[in-house]
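Peer 1: My questions all concern the structure below.
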Amino acid sequence: TRDSISVQTLPLITSRPENINDYYNYGSSNGQVKIHHGDFLHNHGFRGEGMQLTMLDAGFYHYKTLPTFDSIRVNQILGTWDFVANEESVDEDNSHGMHCLSTIAANLPGSFVGTAPKTSFYLFRTEDVGSEYPIEEQNLAAGAERADSLGVDVCSISLGYFSFDASQFDYSYSDMNGNTSISARAADLAAKKGMLMVIAAGNEGNSTWHYIITPADADSVLSVGAVDTTGVPGSFSSYGPSSDGQVKPAVASVGVFAVVANTGDGQPSYGFGTSYACPNMAGITTCLWQAFPEISNMGIIDALQLSANKVNNPDDRIGYGIPDAKKAFVILQKRLYTRSNGVLDCKPYIQFSIKTDNTMSIEVERKLLSELAYTSVTTLQNNGSYGSHDFHFDDDLSSLAPGMYTYRLKMIISSDTTFYLDSLSVDHLASCNTTTANSIIIAPNPVIDNDLTVKVTRITPAKINIVLLNALGQRIYSKEYQQLPGVQVQKIPTDNVSTGGYFITVYVDNKKAVTKAILKK
């Protein structure tokens, strides 16, 4: 079954790009790209370069001659195969796959641009539109297997199955459990191999069947329902959940008045079906994964679902909702971000790693605990190409009042995309000047409320272990950390400690350095 209802040549509603600085002039496809903030990815250089995507479909009629595909014909078609006719050519077959391909690959500036126009493609025909038999699911499995052997990243499948020409092969809704059908098992095996499987949910919303069809029920795929550019679900879009209770469809994309290439001259026309929502989403997925190749296929799916507009209240129409590529980008930036900090020569330092390029920066903000507002201290930037970069910041507090200072790291990607990566606190002591000798100071004594501190000064690095024992010798607190040269102050929580006598011991490189009896009042 091809998961589209129709393609209509209609007067198109023209829409000018919302941002004159967009890399692409999307023309008629403006809405279906920007519903996911796909323009954000494109504007930052993620357009599918270096990524491989396979489409499994019923044919790719005249993709060799239609102007819609003149860009990808240069060197982005990596291979084709017809698993139905056992031949290489797929250009003379059904137009359904061509329509789907256009939502990703079209590059007609000002008229129609797809969601990942720089992607490289394998085009496989696995569907025989003249009949419906399980052999087509087996073709789908073979196509996915070949895609895996070729190292393909993303697989877009706008096909689905539930009834066949011979009724003994029909599935029931209870079979839509992710583990029964040939195609669902094949899709999950492909996902296990690392391929990201994007699959149309089906167009049975108005039929007696009503529910999603396989392989959209597979456990480890991104199943896609259909909405229009305003987010309203198409009445035809199949309902979830799967019979085993999974949130299906997982997400939604534009499949109502979707812009696709027509068969005559390749110019934009309107199409209806989850068939077009699926590849539109697959293109967004491909560009996002291009930015974060260190993330697994399931990690990309997770980020897209977390970014969607119904993630906190998924339903049976559009699942977690409409993914936002900009939010998913931020989620993955935070997931890969790492940070360490300390004090060296009485200067707090922050070291961190984050993916950036020369259009992105990190602003360091600081405030004293008693202050209401943060002040910008510095802005850090790396002029290299996009990738993981290391940053180091030292702050000289010698001229500032002693006390607890809080820092925030704000990432600035564009004028409308800023977010906080992290926050941390540093205790700046008035007596902190330079490190000339090793020392350990435990104060105050007696302890009132929660003000016990251990100040460790080191001229060489060391492993520090702090242990607090009660009068019976029972351990009630311990902390181990690696200290660089400089001063670090550790606060020991004692607000919930009973009054009485205690012993605190500090070990340096596993050797006892000091033990002190303290009184908690």
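Peer 1: Can you list the residues of the range 368-403 with backbone N under 16 Å from a point 7 Å past the Cα of residue 412, pointing along Cα to Cβ?
Peer 2: Answer for the range 368-403: 374-383.
Peer 1: Residue 118: which lysines have alpha carbons under 18 Å from its alpha carbon, excluding same-chain residues fewer than 8 sequence positions away?
Peer 2: Excluding near neighbours in sequence, the set is 34, 64.
Peer 1: May I ask for the angle, rounded to the nearest 10°, between helix 96-105 and the longest principal axis of the chain, with both axes built from Cα atoms and the value confined to 0 to 90°?
Peer 2: 40
Peer 1: Return the carbon/sulfur percentage of the accessible area of the chain, one whole number, probe 1.4 Å, all protein chains in place.
Peer 2: Here it works out to 49 percent.
Peer 1: If I take every Cα pair under 8 Å that is 6 or more residues apart in the range 200-285, average their sequence separation and divide by the length, what percent do I get for the relative contact order?
Peer 2: Answer for the range 200-285 is 30 percent.
Peer 1: Send over the Kirkwood Rh of the range 136-198, from the inverse of the averaged 1/r over different Cα pairs, rounded to one decimal Å.
Peer 2: Radius from the Kirkwood sum: 12.3 Å.
Peer 1: Still on this model: Taking amide H atoms as placed 1.01 Å from N in the peptide plane, list the residues 5 or more away in sequence, or in a different chain, whose amide H sits under 5 Å from that of residue 214.
Peer 2: 161
Peer 1: I would also like to ask the following. Which percent of Cα-Cα pairs in the range 230-309 sits in each 5 Å bin, short to long?
Peer 2: 3, 13, 19, 21, 19, 14, 8, 3, 0
Peer 1: Now, a different point. What value does the range 175-317 have for Rg/Rh, both radii from Cα atoms and Rh as Kirkwood defines it?
Peer 2: Taking Rg over the Kirkwood Rh, I get 0.97.
Peer 1: Right, next: Using 0.36 nm times the number of residues separating residue 370 and residue 315, minus their current alpha carbon distance, what extension gain do you get?
Peer 2: 15.3 nm
Peer 1: Can you give the local net charge around residue 190? Use residues other than it whose beta-carbon is closer than 14 angstrom to its beta-carbon, Lys and Arg +1, Asp and Glu -1.
Peer 2: The answer is -2.
Peer 1: How large is the accessible surface per residue of the chain, computed with a 1.4 Å probe and reported in Å² as a whole number?
Peer 2: With the other protein chains kept in place, the chain gives 40 Å² per residue.
Peer 1: I would also like to ask the following. Treating only the Cβ of Lys, Arg, Asp and Glu as charged (+1, +1, -1, -1), what charge dipole size does the chain show about its Cα centre? Round to the nearest 20 debye.
Peer 2: Using Cβ point charges on Lys, Arg, Asp and Glu, the chain gives about 3020 debye.
Peer 1: With a Cα-only, solvent-free Debye model of the range 437-521, what are the log10 I(q)/I(0) values at q = 0.10, 0.20 Å⁻¹?
Peer 2: Relative scattering, expressed as log10 I(q)/I(0), comes to -0.23, -0.87.
Peer 1: Given the pairs 327/479; 491/520; 347/511, which are separated by over 25 angstrom at their Cα positions?
Peer 2: In this structure, 327/479; 347/511 exceed 25 Å between Cα atoms.
Peer 1: In whole Å, largest first, what are the principal axis extents of the Cα atoms in the chain?
Peer 2: 87, 50, 38
Peer 1: So, one more: In 5 Å bins starting at 0, how do the alpha-carbon pair distances of the range 299-421 split up by percent?
Peer 2: The calculated distribution, bin by bin, is 2, 9, 17, 18, 15, 13, 11, 7, 4, 2, 1, 0.
Peer 1: So for the chain, averaging the separation of alpha carbon pairs under 8 Å that are six or more residues apart and normalising by length, what relative contact order in percent results?
Peer 2: Reported relative contact order: 11 percent.
Peer 1: May I ask you to list the lysines whose Cα is less than 23 Å away from that of residue 193, ignoring any residue fewer than eight positions away on the same chain?
Peer 2: Within the straight-line limit of under 23 Å, residue 193 reaches these lysines: 248.
The values are calculated or read from the model by the stated rules, or taken from the named source; none is laboratory data. Keep in mind that this is a model prediction, so the values were computed, not measured. Positions of Cβ are generated from backbone atoms using ideal geometry, with glycine treated the same way; all protein chains shown enter the neighbour counts. Each accessible area value is taken on the protein alone, full model and side chains, heavy atoms only, with ligands, DNA and RNA left out. Shrake-Rupley method; radii C 1.70, N 1.55, O 1.52, S 1.80 Å.
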